[in-house]
Amino acid sequence: MKDKLLKWFKDVYNYNDGVQVYFAPGRVNLIGEHTDYNGGHVFPCALEIGTYGAARLRSDRIFRFYSMNFPEKGIIYSSLDEILSAGVLSSNRKNAWADYPIGVLWAFARHSFMPKIDRGMDILFFGDIPNGSGLSSSASIEVLMAYIAKDLYDIDISLKDISLLTQYAENKYVGVNCGIMDQFAVAMGKKDHAIFLNTSTLEYEYAPLNLKNKKIIIANSNKKRGLNESKYNERRSECEEALRRLQTVINIKTLGDLSREEFETHKDVIKEETLIRRAKHAVYENQRTKEAFEALKKDDIKKFGLLMKESHISLRDDYEVTGLNLDTLFEAAILQDGVIGARMTGAGFGGCTVNIVDEECVGAFMENVGRIYEEKTGMKADFYAVKSGDGPYRL
Ligand code: ADP
Ligand code: MG
């Protein structure tokens, strides 16, 4: 991969001496969906697929960005002065893919790392994860940019702080109101482990992902998440409203503070049926995620799979963020031989499902689920067998 990146770098910038090559993973959330902004737990793992970056510092204050995934956009230019003068949700944004890495440099500047960043860079990116499908290509390119900056400018910042800084960049520069999970999972990834993260305290623990003869199969619905952003914001405010009503009868900071029993005792104060279902998902999903962590620690993958299925059903019926495409993938998956667990992953409406499948059944799984999906939706799904991988590194 390194040679490929160096060759592409030379094709684009006409030199490649002194260029370094880096990688940051994508991530898949195994369970704990729409819990991150509700003060609950998430349980993602970093992947071996992700984003590569080849980079070298320049002697002037110019930045040049190029992505092999967006060749039609050509080289995108920026400068240290442009980045330094930009404000929150600034009009300097280019509304292009390069806002993601530029936003990270901007976030460094706003957190007084700037004396170190004293000159520009030429960078070329290449991602081998699908964009906009819920495997977090955005966090992958952001964490990669931060890691490259840390290495080339010799900035003293921990991986945990990189996750916070890059979330800040996505929230305040790109303008996407994401929780901490994506950046945290990408920055803190550890091969053969999933990360059990409490999103309100950032306490975390690794659990061994000992799948033996089972594979993690991602099924991409190839449906873009059109309505996603407005629905996402709607779910957030529905949960906030449910929380406010619950807080009139019980002392909690987030929905993640509630046990199932406490929720059932107090839920009537929420009144509206829709809001009750939204809050129920947030509470129950958080409890499922804790149980899934315990199950994995005990090597009980069967239990883990059952919890994944319950998670999908709750996202479908109570939270209502699945839709025909994800439901078809899920329903086709659970009928197949050798399927331990299946659920939608990411924000929903489109994007991917994550499945745990016995190795010897993977071929039939992909064929059958692919066929049923095409019959029902008229669209083709893509399948990837993925492995859990490490956080960012230099090749
Ligand atoms: P997701 O994070 O689920 O993949 P997002 O919409 O949050 O989807 O982020 C996708 C966006 O991130 C892309 O449209 C692009 O702007 C940027 N991006 C991700 N990977 C790359 C890449 N390799 N090259 C350029 N831009 C990228
Ligand atoms: Mg994203």
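The values are calculated or read from the model by the stated rules, or taken from the named source; none is laboratory data. This structure is a prediction, so every number in the text was calculated from the model and none was measured. Here the Cβ is made from the backbone with ideal geometry for all residues, glycine too, and neighbour counts use every protein chain on show. Please note that ligands, DNA and RNA were not included when accessible areas were found on the heavy atoms of the full protein model with its side chains. Shrake-Rupley method; radii C 1.70, N 1.55, O 1.52, S 1.80 Å.
Run the reach check for residue 267 against aspartates and glutamates, Cα to Cα strictly under 15 Å, same-chain hits fewer than 8 apart removed. What comes back? Correct list for residue 267: 238, 240, 241, 257, 318. Could you list, in their original order, any pairs among 172/253; 4/303; 280/302; 10/160; 309/387 whose Cα atoms are separated by more than 31 Å? Among 172/253; 4/303; 280/302; 10/160; 309/387, the Cα-Cα distance tops 31 Å for 4/303; 10/160.
Summed over qualifying helices (DSSP H, 4 residues or more, each -39500 (n - 2.57)) and divided by its residue number, the chain shows a 222 nm mean residue ellipticity of -13000 deg cm²/dmol. The long axis of helix 159-169 is offset from the longest Cα principal axis of the chain by roughly 90 degrees.
Residues 311, 237 ordered from highest to lowest accessible area at a 1.4 Å probe: 237, 311.
Between residue 236 and residue 11, residue separation times 0.36 nm minus the direct Cα-Cα distance comes to 76.5 nm.
What the chain shows is 40 Å² of accessible area per residue, with the surface traced by a 1.4 Å probe over protein heavy atoms. With the cut-off at 25 Å, report for the chain the share of all Cα pairs above it, as a whole percent. Of all Cα-Cα distances in the chain, 56 percent exceed 25 Å. Sorted on the mean count of surrounding Cβ atoms within 10 Å across their residues, most packed first, peptides 143-152, 318-327, 72-81 read 143-152, 318-327, 72-81. If only the Cβ of Lys and Arg carry +1 and only the Cβ of Asp and Glu carry -1, the dipole of the stretch 23-149 around its Cα centre is close to 360 debye.
When a 1.4 Å probe is rolled over the protein heavy atoms, the share of accessible surface on the stretch 2-199 that falls to carbon and sulfur comes to 47 percent. For residue 297, the lysines whose Cα falls under 17 Å of its own Cα, not counting residues fewer than eight places away in the same chain, are 190, 191, 212, 214. Taking Cα atoms only, the orientation of helix 362-377 departs from the longest principal axis of the chain by about 80 degrees. Computed from Cα positions, the angle between helix 324-334 and the longest principal axis of the chain comes to roughly 70 degrees. Shown for the stretch 289-390: the carbon plus sulfur share of the solvent-accessible area, taken with all protein chains present and a 1.4 angstrom probe, equals 50%.
Each part gets one Cα centre, and for the stretch 314-354 versus the stretch 1-76 those centres are 28 Å apart.
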